[in-house]
Amino acid sequence: MAVVELRDVSKIYPATVKGGAPVVAIDNVSLEVEAGDVYGIIGYSGAGKSTLVRLVNALERSTAGQILVNGRDIAGLPERELRPVRLDIGMIFQQFNLLGSRTVARNVAYPLEVAGHSKESRTARVAEMLDFVGLADKAGAYPDQLSGGQKQRVGIARALATQPSILLADEATSALDPETTQEVLALLKRVNREFGVTIIVITHEMDVIQTLATKVAVMDRGSVIERGDVFDVFSNPQQAASASFVSTVVKGVPSAAELEVLRARHAGRIVTLAFRDSSVDQAQVFGELAGAGVAFEVIYGGINEIQGRPFGHLTLSLTAPDDAAIDAALGRIRSLTTVTEAR
Ligand code: ADP
């Protein structure tokens, strides 16, 4: 069953300046998140990712459409009826959003106080959660006495205190260094595996997608333009806009600026080839070039790994006495893999 399902959801913000146009932040989006998924939402800044996620716990209210959370449409629910829904959805933030005047333990206790738990049950649950995130010894500390990674672990403990079935993470590791990011990602993976919590993560970081996400949706200008298995979307994006975004986060695909530099350095035609695990025979690709009398030089490249499956990109500079020979070879290579020529 879908834990979260959006059906034709739109969110239009009123114009921010007098006489300006309203902002269509979410434009008729439908999306299903299944129980146990770690669903990544990616896309350029301003694409609508935060708004989408904030609609799920009704921090923002939709303009149109249905938002089903565990089968219940929350789109039209009045504020007082949203409380039990929100208790079932935890959220963590880039800037942690801890209460500076409260100790770590009292930060974690906060949602339990709001939910009306007894003191004994709060104390027990706080201890259990701090133990889970490895911060039992920091119960009495204040947020500003903690490192960024520790703050986010408190954020996670707080988000999970009410035992939600869904966790929303909005750029939760973007303020952390790479090593701390890995620790927090490992913790989130345990949250998913051990508690079966469904996680929706907004991110612009490849690390997060690589280590955590199982599915991904690419957003562009308020729409979900592509979705699916993480490996498929990253190794072989179908839409130009998702290919463009993916190329900014995967290793081995030259940016527009890097292509300019490569073009200035190499006289040949510049093509980028995609290699998805063992499905593309590299020897065959290079054999096609050699067979057509095309000389090639590898000028850029890189390999990524998602869920243990490698995929890579190689950029080649191709030269031949005759342009038609290059076209003929590329024609045959296109039947083997994805070829992008820089024009
Ligand atoms: P992302 O998370 O992908 O960066 P957002 O969801 O924050 O994108 O924003 C999507 C669009 O909605 C942007 O054009 C943004 O300026 C606009 N927007 C977001 N919040 C508001 C708001 N409270 N009022 C008006 N416009 C908003």
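Have a look at A161, V224, V250 and report the one farthest towards the positive end of the charge dipole of the chain, computed about the Cα centre with Cβ charges (Lys/Arg +1, Asp/Glu -1). The listed residue farthest towards the positive side: A161. For V4, nonlocal amide neighbours, meaning residues 5 or more places apart or on other chains whose placed amide H falls under 5 Å from its own, are V33, N70. For the chain, the mean residue ellipticity at 222 nm estimated from helices alone is -11000 deg cm²/dmol, where every DSSP H run of n ≥ 4 contributes -39500 (n - 2.57) and the total is divided by all residues, rounded to the nearest 500. Relative to the dominant Cα principal axis of the chain, helix 323-334 is inclined by about 40°.
Taking θ as phi - 60° and the Karplus parameters 6.51, -1.76 and 1.60, the scalar couplings of the range 156-163 work out to 5, 4, 5, 5, 9, 4, 8, 6 Hz in sequence order, x denoting glycine and proline. Full extension of the chain segment joining R83 with Q163 gains 27.4 nm, where the gain is 0.36 nm per residue of separation less the Cα-Cα distance. Cross-link reach is defined here as a Cα-Cα straight distance under 12 Å, omitting same-chain residues fewer than 8 places apart; for K215 the aspartates and glutamates meeting it are E32, E34, D37, E226, D229, D232.
Note on the chain: GNM, Cα springs under 10 Å; of G291, G148, G301, the largest mean-square fluctuation is that of G291. Rounded to the nearest 10 degrees, the angle from helix 240-249 to the longest Cα principal axis of the chain is 80 degrees. Ranking of S50, S147 by neighbouring Cβ atoms within 10 Å, starting from the fewest: S147, S50. With a cut-off of 17 Å on the backbone N, the residues of the range 155-169 near the modelled label site 7 Å out from M1 along Cα-Cβ are 164-167. Residues T338, T173, arranged from fewest to most other Cβ atoms within 10 angstrom of their Cβ, appear as T338, T173.
Just so you know, all these numbers are worked out from the coordinates, no wet-lab data involved. Values in this document were obtained by computation on a predicted structure and should not be read as measured data. With ideal geometry, Cβ positions are generated from the backbone for all residues, glycine too; neighbour counts draw on all protein chains shown.
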